[in-house]
Amino acid sequence: MDLDPQLAALRPLGGFFALSTAPPTGGPGEPARPLPTLAQAYAAAPTGADGDPPADLPADPPADPLAFRIGKVARALRAPEPRIAASVAQQGLAARLWSVALGCAVLYVRPPELAPGLLRWDPDGSAPDDLWLTEVHASRPADAETLAATVLHGHLEPLAAALRARHRLAPGLLRGNAASALAGAARQLDAWARAHGRPDAAARTRALTAELLAHPLLAGTGTLTGTAFRRRSCCLYHRVPGGGVCGDCCFVRPPRSSPRGPSG
C-alpha cells in the first residue's frame, strides 16, 4: 500500500498502532497545548534529587517530559520506588513506538520517517493521542535493519540513556522491556492480520519480529515461540501494590526473596 498523508491504514489496528498527523487542539476557546518532540524528551536534563520525579507534576508544558510521565505513572501505580515507574513508563513508550513502526512496515510499501525530531509527544496523554507525526514523508523500504535503526537506535537507546541518568535501571531490564514491547506489538498485529484474512501481513510481522529479536541489542532477552515470548528479565511490575507477574515474565509467580530481585 502506498503511503497516505493521514496514515489511515493504521487506524483499524487499534489505538497503540494509530498515529495522528494533525496538530492537537486545545479545549473550546483554548490554544493547542505545546508538545515537546521525543528528541527533546530524550535530551532533557534529569529533574529532582537522584533523578527522582519531582513531588508535584511539572508545569504545562513540562520542562522534563520524562519526569512528568514517570511521576504520572508512579502516582497511578502507587509505585514504592521511582525506578519501578520508570521501567513501566519506558515499556509503555517502547510498545507505542514498536506498534507504530511495525504497523507501518507491514502495511506500507515505503513507511513514513519516524525520527525523534518529527514525533511530538504528550507525556500526559494516552494512545493514540500521545504521539503526533509533524511531517509525513516516505523512508526507506522497511526491512528489519531499517526498523532497528529507527526504533532501537533512534529512540530506545537515547531513551534508555536518559532513564539511566535518572534511575538505577539495569541495561538488561531496559533491553528486556524493549523486546517484550516488540513481541506484544507483533502478537497484536499478527492476530489482526489473521482475523482479517491477511496471511501476508501475518507472515511479514513474524519474520520482522524474529529478525529484530536477533539484533545485538535484543538478542538473548528471551525466547520467541510463534508469537509467544518469554523474557529473561523482569520489568519490576510485581513490586507495585497488588501487582503480579506479566504474561511473558521470567517469574512464574511474584518472587519473595530479595527486595530487588533479578532485573536484568
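No lab work stands behind these numbers, since they all come straight from the coordinates. Bear in mind the structure is a predicted one, so any value in this text is a computation, not a measurement. We place every Cβ from the backbone using ideal geometry, glycine too, and count neighbours over all the protein chains shown.
Rounded to the nearest 20 debye, what is the charge dipole size of the chain about its Cα centre when +1 sits on each Lys and Arg Cβ and -1 on each Asp and Glu Cβ? Intermediate values should be presented prior to the final figure.
Details: 27 positive and 22 negative charges, 243 e Å.
Computed about the Cα centre, the dipole is about 1160 debye.
Could I have the simple spin-label model distance between Glu145 and Ala195, label points 7 Å from Cα toward Cβ, reported in nm to one decimal?
Taking the two extended label points, one gets 3.5 nm.
Just to be sure I understand the rule: take each whole DSSP H helix in the chain, project its Cα atoms onto its long axis, keep it if the span is 24 Å or more and its mean Kyte-Doolittle hydropathy is at least 0.5. Which ones pass?
Values: long enough: 82-107 (37 Å, 1.02); 171-195 (36 Å, 0.12).
Counting only whole DSSP H runs, the qualifying helices are 82-107.
For each of Leu38, Leu66, count neighbouring Cβ atoms within 10 Å of the residue's Cβ, then give the residues from fewest to most.
The fewest-first ordering by Cβ neighbours comes to Leu38, Leu66.
The range 157-255: percent of C-alpha pairs farther apart than 18 Å?
Tail of the P(r) past 18 Å holds 53 percent of the pairs.
Using the eigenvalues of the Cα gyration tensor, what equivalent ellipsoid semi-axes result for the range 94-161 when each is taken as the square root of five times the eigenvalue, whole Å, largest first?
18, 14, 11
Please arrange His137, His155, His215 by counting, for each residue, the other beta carbons lying within 10 Å of its beta carbon, fewest first.
Placing the least packed residue first, the sequence is His137, His215, His155.
Quick one: length gained pulling Asp4 to Glu157 fully straight, 0.36 nm per residue minus the C-alpha distance?
52.2 nm
Can you compute the charge dipole magnitude of the range 124-228 about its Cα centre, using +1 on each Lys and Arg Cβ and -1 on each Asp and Glu Cβ, nothing else charged? Give it in debye, rounded to the nearest 20.
Numbers: 10 positive and 10 negative charges, 77 e Å.
It comes to approximately 380 debye.
Please give, to one decimal in nm, the separation of the simple spin-label points placed at Ser20 and His137, each 7 Å out from Cα toward the Cβ.
Taking the two extended label points, one gets 2.4 nm.
Nearest 500 deg cm²/dmol is fine: what mean residue ellipticity at 222 nm does the chain get from its DSSP H runs of n ≥ 4 alone, each adding -39,500 (n - 2.57), divided by its residue count?
The helix-only estimate for the chain comes to -12000 deg cm²/dmol at 222 nm.
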